[in-house]
Amino acid sequence: MNSALRLRLRLLGYAVPPGSSRRIQRWPLARSLSSSPFLAAKPTRPLVSSPSLSSTSISSQRWASTATAVKPQDEPMGEAAVQPEIQGAVKTGGPTFESLKDAVHPLTLKALTVKPFQHKHMTPVQAEVLSLMPELSHPYHPDTVASRPPRDLLVKAKTGTGKTVAFLVPAIEARLSLIEQKTKQAVADAGLKSDPALEARIRRSYPRQHCGTLIISPTRELATQIANEALRVAYHHEGFEVRLFVGGMSKRSQMRDWMRGRRDIVVATPGRLRDLLTSEPDIVNGLKETQTLILDEADTLLDMGFRDDLEAIIDHLPQTPVRQTFLFSATVSPAIRQVARASLDKKHHFIDVTDDSSPVHAHIPQYHTVLPSAADQIPHVLRLLIHDQLTNAGKSKTILFLPTTKLTQLYASVLREVSRSFLPAGRQTHVYEIHSKRTQEARTNTSDTFRRDTSGAAILVTSDVSARGVDYPGVTRVIQVGIPSSTEQYIHRVGRTGRAGGSGRGDLVLLPWEVGFLTWKLSDVPLKPVTTSELNAQVTALSRKYDTDGPKAFFKDGTSGSSRRSGSGPITNYNGPLLPLAEELDAKVKQFLPSLDSEAVRETFASLLGYYISKTPEMRTTKDVILQGCRDYSTEGLGLPEPPYVSDDFLQRIGYSDGRTKRWGASRNSRDFSGPRPSSPWLQRGRMDRRSDDSREFSRSDDRSFGGSSDEYRTSRYDKPAFKGRDSYEREPRRQESFGPRSGFTDGGFVKRRSFDRRDSR
């Protein structure tokens, strides 16, 4: 038995005695993710918050990719070499990273096992992929094509399985091997046996001219995490650098780093990279000898409509088998198989480490609440937050998803104001805000801060920009207010909790007219009903118990002293009594609602109406019901004295128009949505068959744009609190028109996009 086969059998969990080819015993290949060393790993250097990455910038690890609720017919394609599937949960006792000592560079192994990762055992997907080392990282040579094993991979693995490390290790090893090969070739071409000066020159120049590995990621946040993870794996390789190309950042600075630094690994989003390929010849030249292409979150890339971009990018790369390709996906749908046929070599490995057809986060307790009325929404969400701060005392970390950017902004403003008096942690509660109106730098900084937050009372209020792939350690609960854009998006959102086998909980909060989405689109998801009265009773009981038994019954290190001071560590107790808070919550919210800024509420109403009109088929309801539901929400849920006026023209722009002439809402002299406004973002949000070719073309062009100033992501309205009386500022004069450009409020505060399904993905 040769050494390569012996190594592969050991990595797959077989005990291979020395000098024997017969006595082979199977080791159990599983471990407990709850005690995983991955969870204990902490960044040892500052977080990366800009695309200018170097080997001195280290960030927290990224684990996962994506999840989906529907399992298509999965099968290998062509001549794929199917790897053994690993069933069941991962348990302690699987293959260790130390077993790779004969297969990977010692410095790579040091990063994995010592610093910065300190890993011991591999996850199933890591064991399957890394068992193919070192052959997987050998450079391409035309003379060995027929005899060598497959180099391309199609990997089907669920979220939270450590896929990033699985594809980064072969990528880094392949880069090191290729540089060594080019160095030896240059010496041989010069007719020399050795030349230290020439070798040093080649080792310096080649990495600065040609890309080693190109990694395509669907979102900016995910791309940044992958880039940071690559730096961690290459921690001990001197001079190893990573380039990051994402939208929302300065193209000039990205190009400056590209021209000055090494191009060992390039991580990019499809839109920005395609833009650079069409405008920057240096990018084209630098990628034309790319050694490895990795498509991470391939199913998400297709869901977000990037197939054309991927094809255009691949056209600039070497063809297979010269180019090595890894394709990672949570599912292997027909669309994924098509991409695999076009990008992978016919002779490739198909690795499947999934265990069943259930949604990836089916182990997470998930609940849904259909509210009696819109007036119950904010009180119910606050009770969910109270419930989490009491059931996860000292470690509460919640993500609150909203369907539109405007509602995200409004909820963030509300929670910052009411948390100080309505939540157990009071002023110690940290409220974070992420959505597409914020600059990429602000989003990255907020994401990094929330990721590091260990206060025990953290809330991230976000749109779907944080739904896919982004890893936030320790999230105890995900709350979704309103329907998600799709079943898959629901699963992606829930996937922010319970990562890597951890615990968590998901809650879906719906208005009565949204229930059709629940029964039609989420019938296969294990959602349990919980009513507002049941949650109220639970919160009341927990509050009474806290007042009676004190902090020691809730906190691991409960004390009778005061709660922590800011920055002094996790919360150790709450300032009681809590029972009066729980009993008076509804009345206090009702008193608070009139302080909300009426214009911010009207703009939120407009955004919700446009969003839900596009979701009419999924909700199995009528547009009349949606319109009335949004009007009721603006008055009952957000405190407007009367519903906003909506003109026929505005309804037509959002795809509502059915030939009606009836006008809805208040009198004509009230705040209205009327008048021709070519710049209105709602022009692009109606039914596709009602749009002109010009509007579709303009929408696509605008959706793919990553440039612009930071003002593009801000509004004057949301630079201030969305309520009155607490902070001193003069209200802006009432505008004559409700929807159009104004100074400091680009396009009425809404950025044009192609569709709601993709509104926050970039």
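Any read-out appearing in this document is the output of simple, stated calculations on the displayed coordinates, not a laboratory observation. Values in this document were obtained by computation on a predicted structure and should not be read as measured data. Cβ atoms come from the backbone with ideal geometry, glycine included; neighbour counts cover every protein chain shown.
Key figures
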item: Amide hydrogen neighbours beyond the local backbone of residue 243, cut-off 5 Å, H modeled; result: 265, 266, 267
item: Long pairs among 437/615; 120/552; 288/346; 115/288, criterion Cα-Cα beyond 25 Å; result: 120/552; 115/288
item: Interchain or long-range residues, amide H under 5 Å from residue 294's placed H; result: 214, 215, 216, 326
item: Under-5 Å amide H pairs with residue 508, H placed in peptide plane, nonlocal only; result: 367, 368, 369, 480
item: Cα→Cβ-extended label distance, 7 Å offset, between residue 373 and residue 110, nm; result: 6.8
item: C-alpha center-to-center spacing [segment 184-209, segment 410-455] in angstrom; result: 53
item: FRET efficiency for residue 201 and residue 278, using Cβ-Cβ distance with R0 set to 30 Å, rounded to 0.05; result: 0.35
item: Residue-span extension gain [residue 99 to residue 135] - 0.36 nm each, minus C-alpha spacing; result: 11.4 nm
item: Rounded, prolate or oblate (a/c below 1.5 giving rounded, otherwise prolate when a/b exceeds b/c) for segment 443-497 by Cα gyration tensor; result: prolate
item: Under Karplus coefficients 6.51, -1.76 and 1.60, residue-wise ³J(HN,Hα) of segment 95-111 in Hz, glycine/proline x; result: x, 9, 5, 4, 5, 8, 4, 9, 10, 10, 4, x, 6, 5, 5, 5, 5
item: FRET efficiency, 1/(1 + (r/R0)^6) with R0 45 Å, evaluated for residue 620 and residue 454 via beta carbons; result: 0.55
item: Two-site label geometry, residue 338 and residue 192: point separation in nm, points 7 Å out along Cα→Cβ; result: 5.3
item: Whether segment 467-537 is rounded, prolate or oblate, judged on the alpha carbon gyration tensor where a/c under 1.5 counts as rounded; result: oblate
item: HN-Hα J in Hz across segment 208-218 - Karplus 6.51, -1.76, 1.60, θ = phi - 60°, x for Gly and Pro; result: 8, 10, 10, 6, x, 10, 10, 10, 9, 10, x
